[in-house]
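What follows is a set of notes on a single structure, which appears directly below.
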Amino acid sequence: MSTHKTLIYTALYPEAKPLIQYFKLIQNKTYEPLKIFENEIYILVVGGIGKNHTQAILPFIYENFEINKTINIGIAGCKDKSIKLGSLFCVNQILKDIPKTTITTVDIPLEDSSLLDTTLVDMEAGSFLEVSQKYLSQKDIYVFKVVSDYLSTNIPEKSLVYNSIKKSIAKWEIVI
């Protein structure tokens, strides 16, 4: 049996919690203070907000675990108010039944839609892709984003984040 796992990377615990419950992941305290949860198939890391966290944590994970596929799942702001909150997108692959759209990764929350050339904005996707491409083939990297707000600088309510991610699992789990 292969020891390779699928990495799921989230920034926030409310993004991770429904995944931990759904996939029945157990916390691995070996690497504390890193927040790592796993089972035989998945390893989930709660990395923290922003590219600095992503760039610091991901190489460690790739170098210490056998990863054959990776997923970044999280919330994103959206400049198009006709797109419903909770909508799921893949930003780096064309997949059946999940629309693809564009994303910009920023260092600080963005409020001004005139500064955004893409549909979505987040704080990790660009760094996640950059680091992951050093370790895996493009076809094994997935970035899924759930629309959480329309360019608000406030972090959305934990319950909104939790429920949005929970509802998205059934849609993306079947395509990976």
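Results, tabulated for the structure shown:
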| item | result |
| --- | --- |
| Selection within region 28-57 - part of a loop (DSSP other than H, G, I, E, B) and either over 12 Å from the mean Cα position of the chain (by Cα) or farther than 24 Å from Thr3 by Cα (or both) | Asn28, Glu32, Pro33, Leu34, Asn39, Glu40, Ile41, Gly48, Ile49, Gly50 |
| Those residues of region 58-84 which are in a strand (DSSP E or B) and of a type in the set (A, V, I, L, M, F, W, C), in sequence order | Ile67, Ile71, Ile73, Ile75, Ala76, Cys78 |
| Those residues of region 1-19 which are at pLDDT 95 or above and over 19 Å from Ile155 (Cβ atoms), in sequence order | Lys5, Thr6, Leu7, Ile8 |
| Among the candidates Ile67, Ile49, Ile75, residue that is within 20 Å of Asp112 (Cβ to Cβ), modelled with pLDDT of 95 or more and not polar (S, T, N, Q) | Ile75 |
| Residues of region 41-55 satisfying the condition of being within 13 Å of Phe128 (Cα to Cα) and open to solvent by 70 Å² or more (accessible area, probe 1.4 Å) | Lys51, Asn52, His53, Gln55 |
| Matching residues, region 95-105, being modelled with pLDDT of 95 or more and in a loop (DSSP other than H, G, I, E, B) | Pro99, Thr101, Thr102 |
| Some residue of region 21-40 being modelled with pLDDT of 95 or more, closer than 20 Å to Ile176 by Cα, aromatic (Phe, Trp, Tyr) and open to solvent by 30 Å² or more (accessible area, probe 1.4 Å) | yes |
| Region 137-152: number of residues that are in a loop (DSSP other than H, G, I, E, B) and either open to solvent by less than 60 Å² (accessible area, probe 1.4 Å) or of a type outside the set (Ser, Thr, Tyr) (or both) | 3 |
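For (1) assigned to a strand (DSSP E or B); (2) closer than 19 Å to Ile176 by Cβ, each residue gets a yes or a no:
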position	(1), (2)
Phe89	yes, yes
Asn92	no, yes
Leu110	no, no
Thr118	no, no
Gly126	no, no
Leu129	no, yes
Lys134	no, no
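To keep it simple, each residue is scored yes or no on (1) under 15 Å from the mean Cα position of the chain (by Cα); (2) more than 18 Å from Gly48 (Cβ to Cβ); (3) at pLDDT 95 or above.
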site	(1), (2), (3)
Ala125	yes, no, yes
Tyr142	yes, yes, yes
Ser152	no, yes, no
Ser159	no, yes, no
Lys167	yes, yes, yes
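Table: residues versus (1) open to solvent by 80 Å² or more (accessible area, probe 1.4 Å); (2) in contact (Cβ under 8 Å) with a residue 40 or more places away in the chain; (3) within 13 Å of Ala11 (Cβ to Cβ); (4) small (Gly, Ala, Ser).
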| position | (1), (2), (3), (4) |
| --- | --- |
| Ile83 | no, yes, no, no |
| Ile103 | no, yes, no, no |
| Asp112 | no, no, no, no |
| Ala125 | no, yes, yes, yes |
| Tyr135 | yes, yes, no, no |
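The values are calculated or read from the model by the stated rules, or taken from the named source; none is laboratory data. Remember, it's a predicted structure, so these values are computed and weren't measured experimentally. Here the Cβ is made from the backbone with ideal geometry for all residues, glycine too, and neighbour counts use every protein chain on show. Heads up: the accessible areas ignore ligands, DNA and RNA and are worked out on the full protein's heavy atoms, side chains in. Shrake-Rupley method; radii C 1.70, N 1.55, O 1.52, S 1.80 Å.
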